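Report on the following structure.
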Amino acid sequence: MSRQISSLLAIAAVCVTLAPAPAFAQAPKKTPVDCEQVKCIALTFDDGPGQYAGTLLDTLKKYHAKATFFLEGQYVKSRPAYVKRMAAEGHELGNHSYSHPDFTKSEAGTIRNEIKKTQDAVKKAAGVEPKLLRPPYGLADLQVSDIAAEFGMPMILWTAGSEDWSSKNVQAIQKKTLEVAKPNGIILMHDWVKQTVDGMPALIKTLQNKGYHLVTVSDIIKDENLEPGDVFPRPAGWEN
Ligand SMILES: [Zn+2]
């Protein structure tokens, strides 16, 4: 695997805090979706489980939609029941660090510890280990890539953001998401943003009416042949 780097991969995300519950879960049963044959999109929720994760899971279940949760270990620890439910209901669980530091400004030991503690917390809560890493803020460099590779994980960014953490407005979140939606898109959202969760039923209905199947990130990247440490989608200046 040859790689070069320009600087940082970019963009923004955010974080928040709160509450507990008990846990244990099983691997999801999946209805196979072929994203080469049908229109797919992956909604991804960062920094959680957020305080509205339960409502979001109810909505996803109602509309038979799958999502990917890039979990923050500290909240996996405080809200393990949501994590167990995510796995049991067929959603994908990814690693988004334990406490959301900028990995490009962190020591190697800190990065390893952040990833490992989150893997362990998810395993304890849901019985499965994440296979995908989304570095906090979508920021990575060669060191981060090498450490992701040690854990056997590619790094997953996003094709577009809903800007939910910034607008915190139901209509704005729906409008932005529909604007940037595209086949095999990976959309950044947050389940700690109440307005994202409030607007989700209508948003999912609209996406499904447009022919989208809401799938996991792994469904989308199935044919990308990503290796551990690779980045997807690949930012300008980065060669896996
Ligand atoms: Zn984040």
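Just a few scattered comments:
- Segment 108-168: relative contact order in percent, alpha carbon pairs under 8 Å with at least 6 residues between: 33 percent
- Sequence-distant lysines (8 or more away, or on other chains) whose Cα lies within less than 22 Å of K168: K176, K194, K205
- Restricting attention to the chain, close to 5% of DSSP beta bridges with both partner residues there are antiparallel.
- Alpha-carbon radius of gyration plus Dmax, which is the widest Cα pair, for segment 122-240 in Å: 15.6, 43
- Here the mean projected area of the convex hull built on the C-alpha positions of the chain is 11.5 nm².
- Value at 222 nm in deg cm²/dmol, rounded to 500, when DSSP H runs of n ≥ 4 in the chain each add -39,500 (n - 2.57): -10500 deg cm²/dmol
- For the chain, the longest site-free run once GluC sites (Glu not before Pro) in DSSP loop states with at most 12 other Cβ atoms within 10 Å are removed: 108-240
- Set of aspartates and glutamates with alpha-carbon distance to K105 below 17 Å, sequence-local pairs under 8 removed: E114, D141, D146
- Residues Q143 and N225, FRET efficiency given R0 of 35 Å [Cβ-Cβ distance, rounded to 0.05]: 0.90
- Within straight-line reach of K62, meaning a Cα separation under 16 Å, sit the following aspartates and glutamates at least 8 residues removed in sequence or on another chain: E89, D198.
We did not get these values from a lab; they are worked out from the coordinates using the rules stated. Please read all numbers here as calculations on a predicted model, not as lab measurements. In this analysis, Cβ positions are derived from the backbone assuming ideal geometry, glycine residues included, and neighbour counts consider all displayed protein chains.
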